[in-house]
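What follows is one structure encoded as structure tokens, with my remarks underneath.
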Amino acid sequence: MSDVFKLQQERGKLYSDYYTNIIPDRMPIGVTFPTHLLAEYDGQNLFDYQFDYSRLAKPAKELCGKIYSDGCPVLPANFLLSRTPSMYQLYGSQSFVMGKGGFVQHPEVVGMEADEYPQLIEKPFDFLVETVIPRQHKNLDPQNPIKMATAIQMGKLALQNDEMSFLPTFLELIQTQGYYGGAPFGSFNFTEAPIDFIADQLRSFSGISMDIRRHKTQLQEAADAVMPLLFHWGMPANPHPEGNVFIPLHMPTFMREKDFSEIWMPSYKTMLQQFAACGVRPNMFCESDWSRYLDILLSEIPAGSQLAFEYGDPQTIKDKLGKKFMITGLFPCSSLKTDTPVEIVDRAKKFLDIMLPGGGYMFGFDKNPLTLKEVNLESLAALTEFVRDYATYDNAGEAFGTPLNSEGFVFDETIVPKPQSQYLFNWDEFKEKYPLTPDFAQTNFERFSKETFDFYMNLLI
């Protein structure tokens, strides 16, 4: 067994132990280099590489040699985390627009008017495809079907090209550096909370803020209507303890606690319970400060969920939530710029002395840095090496926390029925029209339909 392979096996066990509620030998440390940081490090401008991610191979290899991480710090491009501009530009998107500084931005846009809730509630997927998507992506207008078909095909090919361009470097780094290879293929996905979904791409922040006051009942009904879509969209093909469904949470910290409990939480809670019943771990990014909601999280969110916090008191969060949930985040990204290597190690020691005992915490920043000027690389190197050496456990092998779905939730398809739409495949109708089609073809056709469903939903996150 080579030293690199042995290191990879050791790292893999750290993660597999953690995600099966076993205290590992040490807490794994993983960092992520944003693509803009890589480009700046190599002296590139912030535009060109976003149309050819292979240009990041050289700086990626150099930084991986300088900064310790158990997981690969550089990831292949994807539309959600990278916001690849080619696809959005080909779709004529008004939702994601390249800014003058080289960052793809999400302006405040409206895809649904306040008087259109009945249409969303009656046929949610049809309404999204027919009305919302053409408004947000101007080249996907069914009134111009040839232009729409061409844009869809080109956008898909552009995204595929972007995703593949850095993949060889990513795989090479995993092999040469012995990085943890990540959760098994098909065990990760993403979705949104129902109210957040309606806010982000349909009604806008200001629009939904008014709807909470003026259209409360319709908003609740709409959240219930889109929830099954969001469940099936986020459902991983191959659930696994190391995988999860990532859910960025936007609206709650802008809401009154009463509205959060009565309007935002019910549909979200139902969705999470069904994920837990299927062995899928919710991975919630609690944006901004959730301190006033900690008790609600404790009572309403399924055990074994992973909660990533941006702000809050580490001791309070650990004491309140640490026994029921897996916790990550909270370490201030700003310290990468303000602290010397000595200072950041001192800060990390104090932080880990709070978060390490008893297990259940995975090191993470409150947010990722965006550019190189936000990071002193010497301080980052000192931090990750310190965490690697200091965050060890004397009681490795013992159980910690509460396993996923300890409550015993049971999957109920009547709660999250599969999406039905004239735009999605129906095997019975197809078989009636083409009776000579063998039954085994059903699996492939339904997979193609699911991928088509995902394509349209992906345009709305």
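Every number here is computed from the coordinates shown, using simple stated rules; none is lab data. Being a predicted model, the structure only gives us computed values, none of them experimental. Here the Cβ is made from the backbone with ideal geometry for all residues, glycine too, and neighbour counts use every protein chain on show.
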Can you give me the Cα centroid spacing of the range 262-277 and the range 300-338 in angstrom? 20 Å
Given C-alpha coordinates of the chain, what is the ratio Rg to Rh with the Kirkwood estimate of Rh? 0.96
Could you list Arg203, Arg292 so that the one with the fewest beta carbons within 10 Å of its beta carbon is first and the one with the most is last? Arg292, Arg203
Those GluC sites (Glu not before Pro) from the range 10-110 that are DSSP loop and have at most 13 other Cβ neighbours within 10 Å turn out to be Glu108
Counted charge near Asn368, where neighbours are those whose Cβ lies closer than 15 Å (Asp, Glu -1; Lys, Arg +1): -1
Classify the range 364-408 as rounded, prolate or oblate from the Cα gyration tensor: take a ≥ b ≥ c as the square roots of its eigenvalues, call it rounded if a/c is under 1.5, otherwise prolate when a/b beats b/c and oblate if not. oblate
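Which chymotrypsin sites (Phe, Trp or Tyr not before Pro) in the range 362-404 sit in a loop by DSSP (not H, G, I, E or B) and have at most 14 other Cβ atoms within 10 Å of their own Cβ?
Hits after loop and neighbour filter: nothing returned.
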So what is the relative contact order for the chain, in percent, with contacts set as C-alpha pairs under 8 Å and at least six apart? 20 percent
If R₀ is 22 angstrom, what is the calculated FRET efficiency for the pair Glu300 and Phe205, using the beta carbon separation as r and rounding to 0.05? 0.40
For the range 139-288, what relative contact order do you get, as a whole percent, if you take Cα pairs closer than 8 Å and at least 6 residues apart? 26 percent
Everything considered on the Cα gyration tensor (a ≥ b ≥ c; rounded for a/c under 1.5, else prolate if a/b is larger than b/c, else oblate), the range 145-223 must be described as oblate
Could you please tell me the mean projected area of the C-alpha convex hull for the range 1-40, averaged over all directions and given in square nanometres to one decimal? 4.2 nm²
Spelling out what I want: for every residue of the range 165-180, take phi, set θ = phi - 60°, compute 6.51 cos²θ - 1.76 cosθ + 1.60 (Karplus), and round to whole Hz; glycine and proline get x. 5, 9, 4, x, 5, 4, 5, 5, 5, 4, 6, 7, 9, x, 5, 4
Could you state the number of Å between the C-alpha centres of the range 146-181 and the range 54-131? 14 Å
Least to most buried among Met235, Met457, by other C-beta atoms within 10 Å and fewest first, runs Met235, Met457
For Phe205, net neighbour charge (Lys/Arg +1, Asp/Glu -1) across residues whose Cβ lies under 13 Å away: -4
Of Thr443, Thr414, Thr84, how do they rank once you tally other Cβ atoms within 10 Å and put the fewest first? Thr414, Thr443, Thr84
Amide H neighbours of Phe190 under 5 Å, at least 5 residues apart or on other chains, H built in the peptide plane: list them. Phe246
Using alpha carbon centroids, what distance separates the range 341-364 and the range 372-451, in Å? 29 Å
Here FRET efficiency (C-beta to C-beta, Lys258 to Lys323, R₀ 30 Å, nearest 0.05) is 0.60
DSSP-assigned coil residues among GluC sites (Glu not before Pro) in the range 335-405, each with at most 13 further Cβ atoms within 10 Å: Glu398
Does the range 1-144 classify as rounded, prolate or oblate by the C-alpha gyration tensor (a ≥ b ≥ c root eigenvalues; a/c under 1.5 gives rounded; else a/b over b/c gives prolate, otherwise oblate)? oblate
Calculate how many DSSP beta bridges within the chain are antiparallel, expressed in % of all such bridges and rounded to the nearest 5. 20 percent
Around Pro435: net Lys/Arg minus Asp/Glu count, Cβ-Cβ under 15 Å: -2
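Using only alpha carbon pairs under 8 Å that are at least six residues apart, calculate the relative contact order of the range 84-181 and give it in whole percent.
Here the relative contact order equals 29 percent.
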Quick one: helix 3-18 against the long Cα principal axis of the chain, what's the angle to the nearest 10°, folded into 0 to 90? 70 degrees
